[in-house]
Structure formats: C-alpha cells, structure tokens
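I have placed the structure first, in the form of structure tokens, so that the comments after it can refer back to it.
The values are calculated or read from the model by the stated rules, or taken from the named source; none is laboratory data. Please read these numbers as outputs of a predicted model, since none were measured by experiment. Methodologically, a virtual Cβ is constructed for each residue, glycine included, from the backbone with ideal geometry; neighbour enumeration extends over all protein chains shown. When the accessible area is computed, the model is the full protein with side chains, heavy atoms only, and any ligands, DNA or RNA have been set aside. Shrake-Rupley method; radii C 1.70, N 1.55, O 1.52, S 1.80 Å.
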Amino acid sequence: KGEIIFEHVDFAYDKERPILRDLSFRVPSGKTVAIVGPSGAGKSTISRLLFRFYDVSAGRILVDGQDIAGVTQKTLRAAIGMVPQDTVLFNDTVRYNIRYGRPEASDEEVEDAARLAQVHSFVMTLPKGYEALVGERGLKLSGGEKQRVSIARTILKSPPILILDEATSALDSMTEREIQTALGQVSRNRTTLVIAHRLTTVVEADEIIVLEHGGIAERGTHGELLKQR
Ligand code: ADP
Ligand code: ADP
C-alpha cells in the first residue's frame, strides 16, 4: 500500500518561474526515498503537490496507481501522515495531543505509540504523566520532546504514507540522533518520503535523490553518492 509515482511533473507557482521540471521518481510501497538539496530546490513543493495544495502544470502524480488529480484533499490527508519541521502542539494534555489524529484510540494504543516514539519515558517523569498540560498554559516541552509527541501522533494514526519534512532540522545533533531512531520505527515497512537538507541525515533511505533547480542532479544510495564526492 502507498506507492508514490511522480511522472514527468512540471510545476510553477507562477508561469514565469518553473519550480519543478520534468521530475520523475518512484517510492515503492514500504520503501524510503529521500529528497535532498539546497533550499529553494523545490523539496517542500513536492509535499505540497502530494496534498494537492497545488496541482501539477504537466505530468501526473500517482498514489496507489491512482492519479491524485481525481482524489480529494481529505482523502489524501487521511492517507498521508506528515511530521513537519516545527511541530506546534495544542494547549492541552499530552494524551490529547497524541490522540489527535485518531480520537477513538484507547489509552493503551496511545501509550504503545508513545513507547515507540520514545515519549513514554519522559512522560512518566511528569507529575501528571499523560494528563500533563503542554504549551503556553502548562509545561514547556523541548523541541525534541515536541517532535517525539508529533511522531507518536503519526504512529497512532498509522497512515500508509509518511512524509518527514526536515523533521529533525530544528534540533541539536544529539537530539537529532534520538529522533532519528524514533523516526526509523515509524518509517519501517511504510512508504516514506524524507525531505532533507543534508545527506548525512538520510543514511537509511533505499534511494536518495539530489534535487537541484527542480530537477534530479544525482541519485543513488547513500554509499554510492558519497563515493562520487
Ligand atoms: P551542514 O548543513 O551541517 O553544514 P551540509 O548541508 O553542508 O551540512 O551537508 C552535509 C552533507 O550533505 C555533505 O556531505 C554534503 O555534500 C551533503 N549535501 C548537502 N546538500 C547537498 C546537495 N544538494 N547535493 C548533494 N549533497 C548535499
Ligand atoms: P525547498 O523546500 O527545497 O527549500 P521550496 O519547494 O519550498 O524549496 O521552494 C522552491 C521555490 O519555490 C523557492 O524558490 C521558493 O521561493 C518558491 N516558492 C515556494 N512557495 C511559493 C509560493 N507559495 N509562491 C511562489 N513561490 C514559492
């Protein structure tokens, strides 16, 4: 479930300035593909197109073999989970924040997701545990803690497709490594598109695509790309 195909995709926010040019790639079901490249290369545009915030100018995008031009944004939001660069949490309990994408989940399911995302251990040190209030009126969580709550939420929602958009770039490198482990748990056996600035953060991808000026400059495994340098 969850194969993504970009087929000769062109895209421009305004006609004068093309952003993606004849871009083709495939994320096979259950695999991880990373898009790396300098800022402005068009990486985030790829995820915006997958949610149909914008539609392609030419070519097509297929999810599970279906052209998303005929799929509603609501359906796409249900199928695609995203861990963004900066997670903003609700001023509510830790439990509420984790359960947000799947309100009907049991307490046990919430806690299982929290364990996988490495949230459980720090939540247990809070006086009120999962009932602790986070945000402006309650507890201040660190960037890494917030990111783990966001990952727990995504694990619980269990979408067939996952987009990690610079999910660790706002963190220091110690925290980044911890979060990488948690992300590894979420992306295993799940179709995953990783968007990143640096090659160093995407060692585990099945394929890495180096995007420059909206086109593919290089592609290969982490080892292959390092050898070429
Ligand atoms: P930092 O942001 O920590 O200074 P860099 O962005 O310079 O790190 O890159 C870290 C690694 O990722 C380097 O090996 C670099 O060559 C590689 N890298 C980063 N961006 C690209 C890119 N657009 N194309 C190819 N390799 C890249
Ligand atoms: P990346 O994620 O690789 O940093 P983006 O996909 O965010 O790059 O942006 C690619 C290019 O598109 C950039 O030059 C950016 O300025 C431009 N861009 C992004 N969003 C918009 C928008 N809403 N309208 C016009 N141009 C945009």
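Could you identify the single residue in Arg177, Arg219 that is in contact with a helix residue (DSSP H, G or I) (Cβ under 9 Å, 6 or more places away or on another chain), of a type in the set (Lys, Arg), more than 13 Å from ligand 2 (Cβ to nearest atom) and outside any loop (DSSP other than H, G, I, E, B)? Reasoning before the result, please.
Numbers: Arg177 fails: in contact with a helix residue (DSSP H, G or I) (Cβ under 9 Å, 6 or more places away or on another chain).
Going through Arg177, Arg219 in turn, just one is in contact with a helix residue (DSSP H, G or I) (Cβ under 9 Å, 6 or more places away or on another chain), of a type in the set (Lys, Arg), more than 13 Å from ligand 2 (Cβ to nearest atom) and outside any loop (DSSP other than H, G, I, E, B): Arg219.
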Flagged pairs (Cβ under 9 angstrom, 6 or more apart or on separate chains; first in region 203-229, closer than 22 Å to Thr191 by Cα and among the charged types (D, E, K, R); second modelled with pLDDT under 95 and in a loop (DSSP other than H, G, I, E, B)) are Asp206/Lys31; Asp206/Thr221; Glu207/Lys31; Glu207/Thr221; Glu218/Gln228
Of the residues that make up region 62-74, is at least one outside any loop (DSSP other than H, G, I, E, B), of a type in the set (A, V, I, L, M, F, W, C), closer than 30 Å to Arg26 by Cβ and modelled with pLDDT under 90? no
Across region 121-160, the tally of residues that are under 14 Å from Ile179 (Cβ atoms), touching a helix residue (DSSP H, G or I) at 6+ places or on another chain (Cβ under 6 Å) and in a loop (DSSP other than H, G, I, E, B) stands at 0
Quick count over region 48-95, residues being more than 30 Å from Leu133 (Cβ to Cβ) and either aliphatic (A, V, I, L, M) or in contact with a Gly (Cβ under 8 Å, 6 or more places away or on another chain) (or both), is 13
Next item on the list: Examine region 168-176 for a residue that is free of Cβ contacts under 8 Å to residues at least 40 places away in the same chain, open to solvent by 40 Å² or more (accessible area, probe 1.4 Å) and touching a strand residue (DSSP E or B) at 6+ places or on another chain (Cβ under 9 Å), and state whether such a residue exists.
Entry: no
Screening Thr181, Thr200, Thr154 for residues that are over 23 Å from Val94 (Cα atoms) and either surrounded by 22 or more Cβ atoms within 10 Å (Cβ to Cβ) or modelled with pLDDT under 90 (or both) leaves only Thr200
Scanning region 75-112 for residues that are open to solvent by less than 40 Å² (accessible area, probe 1.4 Å), assigned to a loop (DSSP other than H, G, I, E, B) and among the small types (Gly, Ala, Ser) gives Gly101, Ala105
Residue check: is Ser39 open to solvent by less than 30 Å² (accessible area, probe 1.4 Å), within 16 Å of ligand 2 (Cβ to nearest atom), under 27 Å from Val149 (Cβ atoms) and among the hydroxyl-bearing types (Ser, Thr, Tyr)? no
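Taking the conditions exactly as written (part of a strand (DSSP E or B) and more than 19 Å from Met82 (Cα to Cα)), does Ile163 satisfy them or not? Reasoning before the result, please.
Numbers: part of a strand (DSSP E or B): yes; more than 19 Å from Met82 (Cα to Cα): no.
The answer is no for Ile163.
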Filtering region 17-66 down to residues that are closer than 14 Å to Leu193 by Cβ, of a type in the set (A, V, I, L, M) and within 16 Å of ligand 1 (Cβ to nearest atom) yields Leu23, Val33, Ala34, Ile35, Val36, Ile46
Over region 119-140, the set of residues open to solvent by 30 Å² or more (accessible area, probe 1.4 Å) and among the hydroxyl-bearing types (Ser, Thr, Tyr) is Ser121, Thr125
